[in-house]
2 protein chains.
Amino acid sequence: MTTDPMPVDQRLARGARTRRTITRHAVDVASMEGLNGLSLGRLATDLGLSKSGVATLFRTKEQLQLATVETAREAFLEAVVRPASDTPPGAARLRELTERWISYAEQPLFPGGCFWAANLPEFDSRTGPLRDALRRQHRSWLGLLADQVRHAADAGEIAGLDADLAAFQIDAVLTAANLAMRLGEPRAGEKVRRVIEGLLT
Amino acid sequence: MTTDPMPVDQRLARGARTRRTITRHAVDVASMEGLNGLSLGRLATDLGLSKSGVATLFRTKEQLQLATVETAREAFLEAVVRPASDTPPGAARLRELTERWISYAEQPLFPGGCFWAANLPEFDSRTGPLRDALRRQHRSWLGLLADQVRHAADAGEIAGLDADLAAFQIDAVLTAANLAMRLGEPRAGEKVRRVIEGLLT
């Protein structure tokens, strides 16, 4: 029941590719201007697509924002979390995660720096699925950090620490370093390393 | 050269009062939705004023935003910084500043929590007078914290510390606690106290 001569599977594959192109660009925009800076029309213009085509793929601004948040998570996992999983858990993996996180913010992977540092403050005071998704991702990251601290303490690599408190501190200085980098402060990465080493001794 | 029957000084005083009413409301809005959520029209509607009246007082959105940032700074100084200046400098004042900061974020003074935590991430990747103003205020806060650490170390209250690094850490955990409070995480204030006490021993 379609006039499009292309077979259904090819059309679906093309739709999925276009979706990826759009959400990947949306992550970059949202890292700079926040998820509220996104709109179906703006992304269509940026990418030379028709607004109706973008609207067909995402339907609402909120669906677009949620897809963007998920794309950011995938890119973060690939750049920071997965490569560190080759390193033994505990202090070594914590250092590896930290180094990869510093590169992620410093290079940076997204032009506006850390996606969650840019967007959590915008949504922390609102209720809804976007805040829930961002919070779930943030908690998962804190949990990963706490697991490494717990492992390091259990293995006797470091003195006993409150793992959740240590993860809170590590995440706090990473986020503060991301801000410092954006504001042009020098040596933010070095500050992070010194705090982490202080916690690990 | 005016048809307004009110004397000039009374009109100026009335203008100043209206300006304060507008910027104080604008701080609340910007703490929730960011400085970009502000517009002359929106504030006029919220406060039952004419848009042209608001436009006469602020001229541009950027002027309104800059006045809002300055009003937020004044309110912060009054709630957190000035009351702590009665406490002796060093460890005691650092603890007092921390307690007042926790109240400022927890009560909260602005409905969206810390004004700088809400707005620095939005402007950290842009150039312009707003980013400059927010950065200047942030640096001044970091400087105040570092001064207390330096004083505490000089007075032998605490072991020698890198004062700038300690200030970076303290500000980082305060900002992380503000986010945790907004996200409904329990005991964020208590986490801050434990980190500060760890730094002060």
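What follows draws every value from the coordinates through simple rules; no lab data is involved. Note that the structure is predicted; figures quoted are calculated from it, not measured. Note: ideal-geometry Cβ built from the backbone for every residue, glycine included; neighbour counts use all protein chains shown.
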So what's the back-of-envelope 222 nm ellipticity for chain B, counting only DSSP H runs of four-plus at -39500 (n - 2.57) apiece and dividing by all residues, rounded to 500? -23000 deg cm²/dmol
Shortest-first nm distances, residue A:127 label point to equivalent points in other copies (7 Å, Cα→Cβ): 4.4
In whole Å, what is the distance between the alpha-carbon centres of the range B:134-176 and the range B:1-73? 35
Assuming a strict under-29 Å limit between Cα atoms, what lysine pair count do you get for the protein assembly as shown once near-sequence pairs (fewer than 8 apart, same chain) are dropped? 6
Kirkwood Rh, Cα Rg: Rg to Rh for chain B? 1.06
Once the label point is set 7 Å along the Cα-to-beta-carbon vector, what list of distances in nm do you get between residue A:17 and its counterparts in the other copies? 6.7
Can you give the mean number of other chain Cβ atoms that lie within 10 Å of the Cβ atoms in peptide B:122-128? 6
Given unit charges at Cβ for Lys, Arg (+) and Asp, Glu (-), the dipole magnitude of the range B:8-199 about its Cα centre in debye, nearest 20, is 860
Between A:149, A:27, A:173, where does the largest GNM mean-square fluctuation fall for chain A, given springs only between Cα atoms within less than 10 Å? A:173
Farthest toward the dipole's positive end in the range A:1-62, which of A:54, A:37, A:12, given Cβ charges of +1 (Lys, Arg) and -1 (Asp, Glu) about the Cα centre? A:12
Determine the gain in length on full extension of the stretch residue B:194-residue B:10; use 0.36 nm per residue of separation and subtract their C-alpha separation, reporting nm with one decimal. 61.0 nm
Among all helices in chain B defined by DSSP H, which have a length of 20 Å or more along the axis from Cα atoms plus a Kyte-Doolittle mean of at least 0.0? B:163-182
Counting only other chains, what is the mean number of Cβ atoms within 10 angstrom of the Cβ of each residue in peptide A:163-174? 5
Rough spin-label spacing in nm, given labels placed 7 Å along Cα→Cβ, for residue B:155 and residue A:86: 5.2
Starting from the range A:1-94, pick out the trypsin sites (Lys or Arg not before Pro) whose DSSP state is loop and whose Cβ has at most 14 other Cβ atoms within 10 Å. A:59
Testing the spin-label approximation: label points 7 Å from Cα along Cα→Cβ at residue A:136 and residue B:78. State their distance in nm. 4.3
Comparing B:50, B:39, B:31 in a Gaussian network model of chain B (Cα, 10 Å), the one with the largest mean-square fluctuation is B:50
Among B:120-132, A:97-109, how do they line up from the highest to the lowest mean number of other beta-carbon atoms within 10 Å? A:97-109, B:120-132
